[in-house]
1. Please find, in a Gaussian network model of the chain (springs between Cα atoms separated by less than 10 Å), the residue of SER50, SER38, SER11 whose mean-square fluctuation is greatest.
2. Find how much the distance from ASP137 to LEU114 grows on full extension, using 0.36 nm per residue of separation minus their present alpha carbon separation; answer in nm with one decimal.
3. Out of the total accessible area of the range 1-90 (probe 1.4 Å, heavy atoms of protein only), what percent is carbon and sulfur?
4. Per residue, how many Å² of accessible area does the chain show with a 1.4 Å probe?
5. Taking only DSSP H segments of four or more residues, each worth -39500 (n - 2.57), what value at 222 nm results for the chain once the sum is divided by all its residues, to the nearest 500 deg cm²/dmol?
6. For the chain, what is the relative contact order in percent, using Cα pairs closer than 8 Å and at least 6 residues apart in sequence?
7. If R0 is 35 Å, what FRET efficiency do you get for GLU44 and MET1 from their C-beta distance, rounded to 0.05?
8. Can you pull out the chymotrypsin sites (Phe, Trp or Tyr not before Pro) in the range 1-55 whose DSSP state is coil and whose Cβ has at most 16 other Cβ atoms within 10 Å?
Amino acid sequence: MQHLVYLGLGSNLGNRKTLIRQAIGLLGERVGGVVRQSSLLETEPWGFTSSHKFVNACVACQTEHTPREVLAITQEIEREMGRREKSHDGIYHDRTIDIDILLYDHLHLQAKDLSIPHPKMFERDFVMKPLREICPDLSTIEPTSVKNHP
């Protein structure tokens, strides 16, 4: 069965645009066909101080993988592309690549290691701007349903 997963990407170290494009290629190979891709957006760091600006983008992939399988694949891609540490407890770091699951069909999932829709996406213009480019029914997802979902 095919599912539609929206992913947010960011990079603020190295050749950021090349790294984003490389990650998109790997997502297409491993998660599933990239059916939509936003433009690349340069942004200031969010949640921490850094002299390195980010390049952000969003993609939509058709996938047969479960949300947990997509999470494992994206984390593997991050490690392969040089990401050494994940953000924890609101402490963020510079990174070669960051890939977040934003939406997966119309699924609402709240677990310790995975929340869908992404719980902070509505607070982040660097996510919402490129996501609005490629997600035609984004207006049907209410931010309050994300915050109040058990």
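1. Of SER50, SER38, SER11, the Gaussian network model singles out SER50 as fluctuating most.
2. Values: separation 23, 0.36 × 23 = 8.28 nm, distance 2.22 nm.
Difference between extended and current length: 6.1 nm.
3. Details: 2220 of 4670 Å².
With neighbouring chains kept in place, the figure for the range 1-90 is 47 percent.
4. Working: 7990 Å² over 150 residues.
For the chain, the solvent-accessible area averages 53 Å² per residue.
5. Working: 4 runs with 45 residues, N = 150.
Calculated at 222 nm, the ellipticity per residue is -9000 deg cm²/dmol.
6. Details: 263 pairs, mean separation 45.9, N = 150.
After rounding, I find 31 percent.
7. Numbers: r = 39 Å, r/R0 = 1.13.
Efficiency, from the Cβ-Cβ distance: 0.35.
8. Working: sites: TYR6, TRP46, PHE48, PHE54; in loops: TRP46, PHE48.
Hits after loop and neighbour filter: TRP46, PHE48.
The values are calculated or read from the model by the stated rules, or taken from the named source; none is laboratory data. These numbers were taken from a predicted model, which means no experiment stands behind them. So basically every Cβ, Gly included, is an ideal-geometry build from the backbone, and we count neighbours across all protein chains shown. Calculation scope for accessible area: heavy atoms of the full protein, side chains included, ligands and nucleic acids excluded. Shrake-Rupley method; radii C 1.70, N 1.55, O 1.52, S 1.80 Å.
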